[in-house]
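The values are calculated or read from the model by the stated rules, or taken from the named source; none is laboratory data. Values in this document were obtained by computation on a predicted structure and should not be read as measured data. Quick reminder, even Gly has a Cβ in these numbers, built from the backbone with ideal geometry, and neighbours come from all protein chains shown. Accessible surface is based on the protein model in full, side chains and every heavy atom, while ligands, DNA and RNA are left aside. Shrake-Rupley method; radii C 1.70, N 1.55, O 1.52, S 1.80 Å.
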Amino acid sequence: MLDKVISKKYCCPACKEKLNFLLDGKIICKLCSVEYPRLHGCPVLLSQDNKIFSLSEYTKSASQQLKQRSKLTKIAPQISVNLASRRVLNHFGSLFPSNEAVFVLVVGGGQQRQWLDKWMEPYHNIQLVYCDIDINAFVDCYCDAHELPFSDQVFDGVITTAVLEHVLYPEKVSNEIARVIKLGGILYSELPFMQQVHEGAYDFTRYTLSGHRRLFNTFEKIDSGMVAGPGTVLIWSIESFFVAFSSKAKTSSVIKVVVRTAFFWLKYFDYYFKNRPRAMDGASCTYLLGKRVVKKIDDQQIIQEYIGGKSVRHV
Ligand SMILES: [Zn+2]
C-alpha cells in the first residue's frame, strides 16, 4: 500500500500532472488519462513514447531475482574499498532537521535498500523512496530517471550512487534531480571515473571529479572527494588485462579469482591515498555532497573548486 504522503509526490511522467491512485490499485493520470500498471505492486511510471523502456515490458509478470555474483568470484576477496559512502551519508543525514519528516529519493535504487535503510536508521525521520528502471530492483517505483515521475521540489534530499554513467543523457537526469529536490535540499552523488565497463550495454560515460561537480551545478558544494582511489583502479586494471585473454565466462571467472586473490592487498593503499590531491586525479570513483541553490554555480567557481594535484592555469 502506497503511503498517502508519498503518493502525493508522484506525477505523470509524460505531462507532469498529478496521478489518481484508486482504491482498486489503478493509477491514472488526471490530465492525459493514461493508466499506469504495477509490477510487484509498485507503480510503473514510464511515458508511452519511451523508446528504450516500454510500458508493456513491465506488464508481463517478472519474478525478482537478486543479482548473484558467480560462485567462483564469490570466494575471491573483494578488490574495492569504499572510503566515503557510510561516512558521507552520515553527514548527509545530520544535515536535515531532526524534528520533521524528511523525504529522500534514491535514484537508481537497485538493491541498495538492503543496506541503505539500515545505514539511515539513526535518522528516524528520514523516509527513503527508491526508484529504478531495472525490473529486478527492490524499489517503490519503476521509472526512467530522464523523466522522473515526481512533482517539482517534493524531496528534501536525493541519493544517487553510480547511476548517471548508465543513462543516455546525464545532464537531463541531473536536471530532473535538481527539479524534484527542494531549494536547500541535499544531494549525495557518487560517480565512477577510472573504471572498466560494467552493466554491459548500459554503460555510457565517466566523469572526473570536476565533471561530476559541474553536472550538479545547481548545488553548492558541501563536501567532495574520493570513494575509491588508484589502488582499486590498479587491481581492476590488472584483472581487466588478464580477463582480456579469455573468451569464455568460466575462464574469465577463474582469472578473476586468481587476480583478486593475488592482488587484493593493493586496495589498502587507498586508505593512504584518500586525501592526496594527485591520487584524486586517478580515483576509481568520486562523491559530491551538495545543497540545492537558486542560482547556477559559475563554471569559474567550479574550476577553482578543483582539489586534484595538477596546478594548471590556462589564464
Ligand atoms: Zn499525464
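If you go through segment 22-51 one residue at a time, how many are free of Cβ contacts under 8 Å to residues at least 60 places away in the same chain and assigned to a loop (DSSP other than H, G, I, E, B)? It would help to see each step written out before you state the result.
Keep residues of segment 22-51 that are free of Cβ contacts under 8 Å to residues at least 60 places away in the same chain, which gives 22-38, 40-41, 48-49, 51.
Right, trim to assigned to a loop (DSSP other than H, G, I, E, B) and you get 22-26, 30-34, 37, 40-41, 48-49, 51.
Of the residues in that region, 16 qualify.
Please go through segment 155-194 and pick out each residue that is within 11 Å of the chain's Cα centre (by Cα), farther than 16 Å from Ala84 by Cβ and of a type in the set (Asp, Glu).
Glu165
Among all residue pairs at least 6 apart or on different chains, which show Cβ distances below 7 Å where the first residue, located in segment 277-305, is within 15 Å of Tyr207 (Cα to Cα) and the second is polar (S, T, N, Q) and in a strand (DSSP E or B)?
Thr286/Ser224; Tyr287/Ser189; Tyr287/Ser224; Leu288/Ser189; Leu288/Ser224
Tell me, which residue of segment 10-57 that is more than 10 Å from the ligand (Cβ to nearest atom) and among the β-branched types (Val, Ile, Thr) is modelled with the lowest pLDDT?
Applying the filter and picking the extreme gives Ile52.
So Ile302 clears everything in (1) open to solvent by less than 90 Å² (accessible area, probe 1.4 Å); (2) assigned to a loop (DSSP other than H, G, I, E, B) except one condition, right? Which one?
(2)
Give the residues of segment 260-276 that are more than 27 Å from the chain's Cα centre (by Cα) and touching a residue at least 40 places away in the same chain (Cβ under 8 Å), sorted by residue number.
Across segment 260-276, the qualifying residues are Thr261, Phe263.
Determine whether Ile159 is touching a strand residue (DSSP E or B) at 6+ places or on another chain (Cβ under 8 Å) and in a loop (DSSP other than H, G, I, E, B).
no
Okay, residues lined up against (1) open to solvent by 30 Å² or more (accessible area, probe 1.4 Å); (2) charged (D, E, K, R); (3) touching a residue at least 40 places away in the same chain (Cβ under 8 Å):
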| residue | (1), (2), (3) |
| --- | --- |
| Phe103 | no, no, yes |
| Gly108 | no, no, yes |
| Trp119 | yes, no, no |
| Gln127 | yes, no, yes |
| Val139 | no, no, yes |
| Cys143 | no, no, yes |
| Pro149 | no, no, yes |
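I need the full set of residues from segment 139-154 which are more than 14 Å from the chain's Cα centre (by Cα) and more than 22 Å from Lys4 (Cβ to Cβ), in order please.
The one that is more than 14 Å from the chain's Cα centre (by Cα) and more than 22 Å from Lys4 (Cβ to Cβ): Glu147.
Kindly evaluate Leu105 against the criterion of being of a type in the set (A, V, I, L, M), out of contact with any Leu (no Cβ under 7 Å at 6 or more places or on another chain) and modelled with pLDDT under 85.
On the way: of a type in the set (A, V, I, L, M): yes; out of contact with any Leu (no Cβ under 7 Å at 6 or more places or on another chain): yes; modelled with pLDDT under 85: no.
The answer is no for Leu105.
How many residues are aliphatic (A, V, I, L, M) and in a strand (DSSP E or B) when one looks only at segment 263-298?
First, pick out the residues of segment 263-298 that are aliphatic (A, V, I, L, M): 266, 279-280, 283, 288-289, 293-294, 297.
So of that shortlist, the ones also in a strand (DSSP E or B) come out as 288-289.
Within segment 263-298, residues that are aliphatic (A, V, I, L, M) and in a strand (DSSP E or B) number 2.
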